[in-house]
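Only one structure is covered here, and it is reproduced in the block below.
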Amino acid sequence: MTSSLSLARPALHRTVLDNGLVVLVVENPVADIVAARLFVRAGTSHEPRSQAGLFALLTSLLTKGSDRFSSMEIADQVESMGASLSSDTSSDYSLLSLKTVSADFEPMLALAAHLLRSPTFPEAELELERRLTLQSIRSMQEQPFTVAYNALREALYGEHPYALPGIGSLETVQSLTRQDLLTTHQTYFRPDNMVVAISGRITQSEAVSLVTTHLGDWLSLI
């Protein structure tokens, strides 16, 4: 018979820093791994129809250059620790995800925090990501199921941002500029609009202390 203790869910701890950032922690000491997701409460539903694909392009560039590191230097840091770091967006949020052994969690969190705070969206990387996105859109237009699904979504949602695919359209993606990305980042990527969720072999106090160290001094400009 399975004991009631084994069925108990790990406790979820919630802390709000002085700058408004929310920290969620679940301790799980079973494996020597810590995973974190840094959520921003803004996604594709926050972009105007004329800028469809903006958040998808922005998040794809979060790991492609900052005011201290190039894309290659970022990739080298992640690889040297055997960690994983990725970015993504959805209708209602954008995020950076990381996973690493517990000993390397602080430097990985420090890197992720820096990338969230100080991306530069280099022109060369922007143009490369734009070309890749346009290729994906053209490929989608050749897939009958995807075409039908996009038509159904537009019929259901009308003028709402949910009507458009998160990747955007050929017209909107071609028109996006680096300044659009910088303005959107300044508007939405701020501590009072963020949740950091951490799980793994780390205590609540340790997790909150590390987040405070690397994100606690980040102040909203809006």
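For the reader, a short list of remarks on this structure follows.
- Using θ = phi - 60° and Karplus 6.51 cos²θ - 1.76 cosθ + 1.60, couplings along region 136-145 (whole Hz; Gly, Pro as x): 5, 5, 4, 5, 4, 5, 9, 10, x, 4
- Across the options A36, L58, G20, the greatest Cα extent toward the positive end of the charge dipole of region 13-61 (unit charges at beta carbon of Lys, Arg, Asp, Glu) belongs to L58.
- Region 1-83 - accessible surface per residue (Å², probe 1.4 Å): 55
- Portion, in percent, of the accessible area of region 53-201 that falls on carbon or sulfur, probe 1.4 Å: 53
- In order through region 149-162: 3J(HN,Hα) via Karplus (6.51 cos²θ - 1.76 cosθ + 1.60), integer Hz, x for Gly, Pro: 5, 5, 5, 5, 4, 5, 5, 6, 9, x, 7, 5, x, 4
- The calculated FRET efficiency for M72 paired with S136, based on their beta-carbon distance and R0 = 35 Å, is about 0.90.
- Label-to-label distance, I33 versus S90, with points set 7 angstrom from Cα along the beta-carbon direction: 2.0 nm.
- About the Cα centre, charge dipole magnitude for the chain (Lys/Arg +1, Asp/Glu -1 at Cβ), debye: 420
- Value of [θ]222 nm, deg cm²/dmol, for the chain, DSSP H segments ≥ 4, -39500 (n - 2.57) each, nearest 500: -12500 deg cm²/dmol
- Euclidean distance of C-alpha centroids, region 200-215 and region 37-57, integer Å: 28
- Summed side-chain charge close to V173 - residues other than V173 whose Cβ falls under 14 Å, Lys, Arg +1, Asp, Glu -1: 0
- Only one item in [x] 25, 20, 17; [y] 32, 22, 17; [z] 32, 21, 13 matches semi-axes √(5λ) of the Cα gyration tensor in Å derived from the coordinates shown, and that item is [y].
- Full extension of the chain between Y157 and T177 gives 4.5 nm of extra length, using 0.36 nm per residue less the Cα-Cα distance.
- Neighbour net charge for F121 - beta-carbon separation under 12 angstrom, K R +1, D E -1: -3
- Under 14 Å, Cβ to Cβ, from T213 - net charge with Lys/Arg +1 and Asp/Glu -1: -3
- Computed lengthening from T212 to A110, 0.36 nm per intervening residue step minus Cα-Cα distance: 35.6 nm
The values are calculated or read from the model by the stated rules, or taken from the named source; none is laboratory data. Everything quoted here is computed from the prediction, not taken from an experiment. Neighbour counts run over all protein chains shown; Cβ positions are idealised from the backbone, glycine included. Each accessible area value is taken on the protein alone, full model and side chains, heavy atoms only, with ligands, DNA and RNA left out. Shrake-Rupley method; radii C 1.70, N 1.55, O 1.52, S 1.80 Å.
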